[in-house]
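Report on the structure given below.
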Amino acid sequence: MRYLLLFLIIIPALEIGVLLYSGKTIGVIPTILLIIATGIAGAYLAKQQGLETIRKAQQQISYGKMPGDALIDGICILVGGCLLLTPGFITDLIGFILLLPPTRIVVKPFIKRMFRSMINKGNLTIIR
């Protein structure tokens with residue numbers, strides 16, 4: 001929880017700095033257009049990846065398997081899509097990392113470890 005407060009203070013400050021630098025370097029209009037383009041591309045990509053993840057989860061459930069990886073993919077896609085809709089280049093980079101399957105494979109073990117740690121500490125309870 002303490003990291004969340006730090007995240008909510010540092011990331012917006014960095015975003016403002018990067019946006020100001022980008023506006024100064026490439027211009028205000030291209031910066032705004034780039035932000036809009038990443039938002040549109042992110043929404044499209046989130047929809048495509050989300051539908052594919054739902055299909056995978058349904059397939060795993062129909063085979064009687066627990067869709068654990070599909071659920072983590074869904075969380076990554078949800079968070080990545082939200083980050084891409086917020087204006088800024090740092091959040092866009094993190095959002096694309098969470099949305100694209102090749103980079104999501106690298107991030108998923110960290111997320112699994114985080115959930116396992118939360119469950120072991122008693123901060124997260126799984127009800128079956």
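Let's see how each residue does on (1) modelled with pLDDT of 90 or more; (2) of a type outside the set (A, V, I, L, M, F, W, C):
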residue	(1), (2)
76	yes, no
86	no, yes
90	yes, no
93	yes, no
107	yes, no
112	no, yes
115	no, no
123	no, yes
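Rundown of residues vs (1) hydroxyl-bearing (Ser, Thr, Tyr); (2) under 13 Å from the mean Cα position of the chain (by Cα); (3) farther than 27 Å from residue 26 by Cα, yes/no style:
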| site | (1), (2), (3) |
| --- | --- |
| 59 | no, no, yes |
| 64 | no, no, yes |
| 70 | no, no, yes |
| 73 | no, yes, yes |
| 84 | no, yes, no |
| 87 | no, no, no |
| 97 | no, yes, no |
| 108 | no, yes, yes |
| 112 | no, no, yes |
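Across the stretch 48-77, the number of residues qualifying as touching a residue at least 24 places away in the same chain (Cβ under 8 Å) and not small (Gly, Ala, Ser) comes to 8. Close Cβ contacts (under 8 Å, 6 or more residues apart or on different chains) running from residues in the stretch 15-33 that are without any contact (Cβ under 8 Å) to a residue 24 or more places away in the chain to residues that are β-branched (Val, Ile, Thr) and surrounded by 11 or more Cβ atoms within 10 Å (Cβ to Cβ) comprise 23/31.
For the stretch 26-35, state whether one or more residues are out of contact with any Gly (no Cβ under 7 Å at 6 or more places or on another chain), outside any helix (DSSP H, G or I) and farther than 27 Å from residue 124 by Cβ. Give the derivation first.
Of the stretch 26-35, the ones out of contact with any Gly (no Cβ under 7 Å at 6 or more places or on another chain) are 26-30, 32-35.
Keeping just the survivors that are outside any helix (DSSP H, G or I) gives 27.
Checking which are farther than 27 Å from residue 124 by Cβ leaves us with 27.
Yes, because at least one residue in the stretch 26-35 is out of contact with any Gly (no Cβ under 7 Å at 6 or more places or on another chain), outside any helix (DSSP H, G or I) and farther than 27 Å from residue 124 by Cβ.
What about residue 25, is it over 18 Å from the mean Cα position of the chain (by Cα) and surrounded by 12 or more Cβ atoms within 10 Å (Cβ to Cβ)?
So residue 25 fails the test.
Filter the stretch 97-115 down to the residues that are assigned to a helix (DSSP H, G or I) and of a type in the set (A, V, I, L, M), then identify the one that is surrounded by the fewest Cβ atoms within 10 Å (Cβ to Cβ).
Start the filter on the stretch 97-115 by keeping residues that are assigned to a helix (DSSP H, G or I), which leaves 97-99, 101-115.
Those left that are additionally of a type in the set (A, V, I, L, M): 97-99, 105-107, 111, 114.
Details: 97: 16, 98: 25, 99: 25, 105: 11, 106: 9, 107: 16, 111: 16, 114: 11.
Residue satisfying both the conditions and the ranking: 106.
The values are calculated or read from the model by the stated rules, or taken from the named source; none is laboratory data. Just so it is clear, the model here is predicted, and its values are computed rather than measured. Cβ atoms come from the backbone with ideal geometry, glycine included; neighbour counts cover every protein chain shown.
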